[in-house]
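Below you'll find the structure, written out as structure tokens, and then a few comments.
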Amino acid sequence: MILGRLNHVGIATPSIEDSVALYRDLLGATRIHDPFDLPAQGVRVCFVDTPNSQIELIEPLGDASPLHGFLARNPAGGQHHLCFEVPDIHAAKAEMEAKGAKVLGEPRIGAHGTPVIFVHPKNMGGVLVELMETPREAH
């Protein structure tokens, strides 16, 4: 596996609208994408472009959203995960597991339309890490 570029930093938030205002008004973000729902993952997301990466704002979608637990512990929201690109998600999953890391579930399609996996924070120095197959248009 070859670790690629940092694609985005995931930020859990109780309100995408309020978080967009913060990044726009306080930090001067000008490239903010329209929010959209990912029902299969129980989240609503909105990407904020930075010069070298993105911020992924993540809000719970529905009562079964996995973000409710995170926001119960962190009511104002906060850093949820880091996402790195990898050339092949299946090879990355196999290598992570072979090295003893706990991969949370099977590869699934993420917010960028490419396969993703998550590696448990206990294996990543306390940080939830998303590995995302590099989008084809980035090749």
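For Gly10, the residues 5 or more places off, or on other chains, whose built amide H falls under 5 Å of its own are Glu56, His80, His81, Leu82, Cys83.
Under 5 Å between amide hydrogens, built in the peptide plane, is the criterion, and for Met124 it picks out nothing among residues at least 5 positions away or on other chains. Computed from backbone phi, the HN-Hα couplings of the stretch 32-40 come to 10, 7, 6, x, 8, 8, 10, x, 5 Hz, rounded to whole numbers (Karplus: 6.51 cos²θ - 1.76 cosθ + 1.60, θ = phi - 60°; Gly and Pro given as x).
3J(HN,Hα) along the stretch 21-30: 4, 4, 5, 6, 7, 8, 9, x, 4, 10 Hz, from the Karplus curve 6.51 cos²θ - 1.76 cosθ + 1.60 with θ = phi - 60°, whole Hz, x for Gly and Pro. Each Lys or Arg adds one and each Asp or Glu takes one away; over the other residues whose Cβ falls under 13 Å from the Cβ of Arg24, this sums to -3. Annotation: per residue accessible area for the stretch 57-99 equals 53 Å², rounded to a whole number [probe 1.4 Å, protein chains only].
Taking every eigenvalue of the Cα gyration tensor of the chain, multiplying by 5 and rooting it, what semi-axes result, largest first, whole Å?
In descending order the semi-axes read 24, 18, 13 Å.
Counting only protein heavy atoms and a probe of 1.4 Å, the accessible surface of the stretch 6-71 is 56% carbon and sulfur.
Once the gyration tensor of the Cα atoms in the stretch 86-139 is diagonalised, the equivalent ellipsoid follows with semi-axes of 20, 11, 9 Å, ordered largest first. Taken as Cα centroids, the stretch 17-52 and the stretch 95-110 sit 27 Å apart, rounded to the nearest whole angstrom.
I need the shape label for the stretch 35-111. Rule: rounded when a/c is under 1.5, else prolate if a/b > b/c, else oblate, with a, b, c from the alpha carbon gyration tensor.
prolate
Working note: Karplus 6.51/-1.76/1.60 with θ = phi - 60° gives the stretch 44-61 the couplings 10, 10, 8, 9, 10, 7, 10, x, 10, 6, 9, 9, 9, 7, 10, 10, x, 10 Hz, where Gly and Pro are set to x.
The values are calculated or read from the model by the stated rules, or taken from the named source; none is laboratory data. Every value quoted in this text rests on a predicted model; they were computed, and no experiment measured them. No Cβ is skipped: glycine too gets one built from the backbone with ideal geometry, and neighbour counts run over all protein chains shown. When the accessible area is computed, the model is the full protein with side chains, heavy atoms only, and any ligands, DNA or RNA have been set aside. Shrake-Rupley method; radii C 1.70, N 1.55, O 1.52, S 1.80 Å.
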